[in-house]
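The values are calculated or read from the model by the stated rules, or taken from the named source; none is laboratory data. Everything quoted here is computed from the prediction, not taken from an experiment. Methodologically, a virtual Cβ is constructed for each residue, glycine included, from the backbone with ideal geometry; neighbour enumeration extends over all protein chains shown. Side chains included, ligands, DNA and RNA excluded: accessible areas come from the protein's heavy atoms. Shrake-Rupley method; radii C 1.70, N 1.55, O 1.52, S 1.80 Å.
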Amino acid sequence: MGYTALYRKFRPLTFEEMVGQEHITKTLRNQIVSGRIGHAYLFNGGRGTGKTSSAKILARAINCLNPKDGEPCNECEICKSALSGSLTDIVEMDAASNNSVEDIRSIREEVNFLPTKAKYRVYIIDEVHMLSQGAFNALLKTLEEPPEHVKFILATTEPQKIPATILSRCQRFDFKKIPNEDIIKRLEIVCKESNIEATKDALNIIAVLSEGAMRDALSILERCVQDGQNNIDEDKIKELVGIPKLTFVSDIVEAVIEYDIDKALISIENVLADGKDINNFLWEIIKYIRDILIVKTGGNIEIYNEEEKNKIHELSNKLTKERLIKLVYELSELENDIKSSTQKTIMFQAGIIKLCNKEESTDLIDRLNNLERYVKSGAFQVAQPQKSSATKDLPKKNTVNTPVQKIQVQKAKYSNKTKDFWPKIVEELKQNGKIVLYTNLINTTAIEINDMTIGIQFPNGLTPFGKSVLEKTENITEISRLVSIACGKEMQIKYIDNAEDIPTVNAKDDIEKFANEQNIPLNIIE
């Protein structure tokens, strides 16, 4: 007998063996026991969650000669024939490769014939969303009023592609992602029966990598023993799946945090020498920083062992949430740049070096920001342009003007005051997935400067990074759009920096002195 893949060898044969779908198996068993079996079922869910296995079990259970508590006996003539694939009354069809009108018409012709052995003729149509529009139309009438001896079980991963007329004629069951705990328990059973020795951490990594799909978990497990060795640990899994060693990722992230260019370059050389793909490695760095941010905000991480978790906690204490968000943002931009580059290694090295350049990324920006605030503080006499009527009532605070595109609005979305509806706008940005924009507007307030302008106040000051994000054209347009909809008319926005003013001195020489102290070359032209 030929080799059988683990996911086929350990395919569930009863509802009791199904993992993580108790809400579905309980209902199906009750229907079988009570005799209230539907004529058409739709099993929807992600890959590897048990849709096809459930369909096969259901097909055997309703035809079993000796069912018990809604389960097939798997011992009678009908069950054995179904398991061997010789029972012609249970028809499995892959709609991905049999999606034409002719394929469905052949089913319409067959349903008029009585089953040869079983009580019901059962059609299991997998990936049903792949049927053509004509095939769906051909199936519709048969699905609506099938003969009493015919049952349909449709399975799909994309129910949104199925016409509503088909959906409304089926009992729909949604399969959930299988919890990691259930996957680990099933893997332990498989390992025991297959004489595979796997550590708890290794099984945990497999469960996380499978993303809720039991079939994927068994495939990863099987891949780990293809070398003839039945001992599996976490390093072996990471090596086979292509995950870089965590020490590589951790070393580079630590080098970036500490602005250590030499350490970063050495780590990059180690990664390249190990033959790792740059794109995958950069993605692992982004995920690692994301996990540090999760720990920083009090969340839990699963894929790491205790030693690795301690390292992540240590790194999380070295930097702020704002810098973590900035790093994720900058690394994501680097990832996009590398995708379109023919010199991926050079781009990657240059990007990491830039993140490690403390002078450029922190110190110089801070000094320029201090000088900007010093000049804006009014420490010396300069000619001021006459204020327009649109800004005469603006508080004397640092502001950033923002242009806005013309927006068509009809009716105010909110009837309350600006300060009351502004938090709702900020929350709406979060709901729309504008997370970076949302995080930079937390704790801000809004005031109505005049009938055409809304001022957004930053009580803690507007950081250089926040300013660079908020002044992007697409972000200005989005905020202005939401404000205009809220007010029921076209509005402009104005950023107001409420950072504490620097003490003022009325002298040009002191500006030059301040610039020199900040190590900024500056020539003042009068």
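Would it be correct to say that P159 is surrounded by fewer than 18 Cβ atoms within 10 Å (Cβ to Cβ) and touching a residue at least 12 places away in the same chain (Cβ under 8 Å)? Explain how you work it out, then say what you get.
Details: surrounded by fewer than 18 Cβ atoms within 10 Å (Cβ to Cβ): no; touching a residue at least 12 places away in the same chain (Cβ under 8 Å): yes.
Here the answer is no, as P159 does not meet what is asked.
Quickly run through region 17-55 and pick out the residues that are part of a helix (DSSP H, G or I), open to solvent by 20 Å² or more (accessible area, probe 1.4 Å) and farther than 17 Å from L83 by Cα. Break it down stepwise before answering.
So the first thing to find is which residues in region 17-55 are part of a helix (DSSP H, G or I), and the list is 17, 22-34, 51-55.
Filter once more, so that each one left must be open to solvent by 20 Å² or more (accessible area, probe 1.4 Å): 17, 22-23, 26-27, 29-34, 52.
If the condition is that a residue be part of a helix (DSSP H, G or I), open to solvent by 20 Å² or more (accessible area, probe 1.4 Å) and farther than 17 Å from L83 by Cα, then E22, H23, K26, T27, R29, N30, Q31, I32, V33, S34 are the ones that fit.
Which residues, taken from region 310-354, are touching a residue at least 40 places away in the same chain (Cβ under 8 Å), closer than 30 Å to G461 by Cα and among the polar types (S, T, N, Q)?
S332
Restricting region 162-186 to residues that are among the aliphatic types (A, V, I, L, M) and part of a helix (DSSP H, G or I), which is farthest from I196 (Cα to Cα)?
First pass over region 162-186, keeping only residues among the aliphatic types (A, V, I, L, M): 162, 164, 166-167, 178, 183-184.
Restricting the remaining residues to those that are part of a helix (DSSP H, G or I) gives 164, 166-167, 183-184.
Numbers: A164: 47, I166: 45, L167: 43, I183: 16, I184: 14 Å.
This residue is A164.
Looking only at region 75-132, count how many residues are assigned to a helix (DSSP H, G or I) and more than 24 Å from E148 (Cβ to Cβ).
Of all residues in region 75-132, those assigned to a helix (DSSP H, G or I) come to 77-84, 101-110, 128-130.
Subsequent filtering for residues that are more than 24 Å from E148 (Cβ to Cβ) retains 80, 83-84, 101-102, 129-130.
So the answer is 7.
Among the residues of region 72-82, is any closer than 30 Å to N180 by Cβ and in contact (Cβ under 8 Å) with a residue 60 or more places away in the chain?
Scanning region 72-82 turns up at least one residue that is closer than 30 Å to N180 by Cβ and in contact (Cβ under 8 Å) with a residue 60 or more places away in the chain.
Look at F175 and say whether it is farther than 20 Å from I107 by Cβ, buried (at least 19 other Cβ atoms within 10 Å of the Cβ), touching a helix residue (DSSP H, G or I) at 6+ places or on another chain (Cβ under 7 Å) and of a type outside the set (D, E, K, R). Can you show your working first?
On the way: farther than 20 Å from I107 by Cβ: yes; buried (at least 19 other Cβ atoms within 10 Å of the Cβ): yes; touching a helix residue (DSSP H, G or I) at 6+ places or on another chain (Cβ under 7 Å): yes; of a type outside the set (D, E, K, R): yes.
In short, yes.
Just to be sure I understand the filter: pairs with C-beta atoms under 6 Å, separated by 6 or more residues or on different chains, first member in region 16-38 and on the phi > 0 side of the Ramachandran plot, second member not in a loop (DSSP other than H, G, I, E, B). Which pairs pass?
If the second residue must be not in a loop (DSSP other than H, G, I, E, B), the pairs left are G20/D182.
May I ask you to say which residue of V122, V128 is out of contact with any helix residue (DSSP H, G or I) (no Cβ under 6 Å at 6 or more places or on another chain), surrounded by 14 or more Cβ atoms within 10 Å (Cβ to Cβ) and among the hydrophobic types (A, V, I, L, M, F, W, C)?
Exactly one of V122, V128 is out of contact with any helix residue (DSSP H, G or I) (no Cβ under 6 Å at 6 or more places or on another chain), surrounded by 14 or more Cβ atoms within 10 Å (Cβ to Cβ) and among the hydrophobic types (A, V, I, L, M, F, W, C), namely V128.
Cβ-Cβ under 9 Å, sequence separation 6+ or interchain: first residue in region 284-309 and without any contact (Cβ under 8 Å) to a residue 12 or more places away in the chain and open to solvent by 70 Å² or more (accessible area, probe 1.4 Å), partner in a helix (DSSP H, G or I) and of a type outside the set (S, T, Y). Which pairs?
Sorted first by the residue in region 284-309, then by its partner, the pairs are N300/I294.
Could you tell me whether any residue of region 178-187 is loosely packed, with under 14 Cβ neighbours inside 10 Å and either under 28 Å from the mean Cα position of the chain (by Cα) or at pLDDT below 90 (or both)?
First, pick out the residues of region 178-187 that are loosely packed, with under 14 Cβ neighbours inside 10 Å: 179, 181.
Restricting the remaining residues to those that are either under 28 Å from the mean Cα position of the chain (by Cα) or at pLDDT below 90 (or both) gives 179, 181.
Looking for residues that are loosely packed, with under 14 Cβ neighbours inside 10 Å and either under 28 Å from the mean Cα position of the chain (by Cα) or at pLDDT below 90 (or both), one finds at least one in region 178-187, hence yes.
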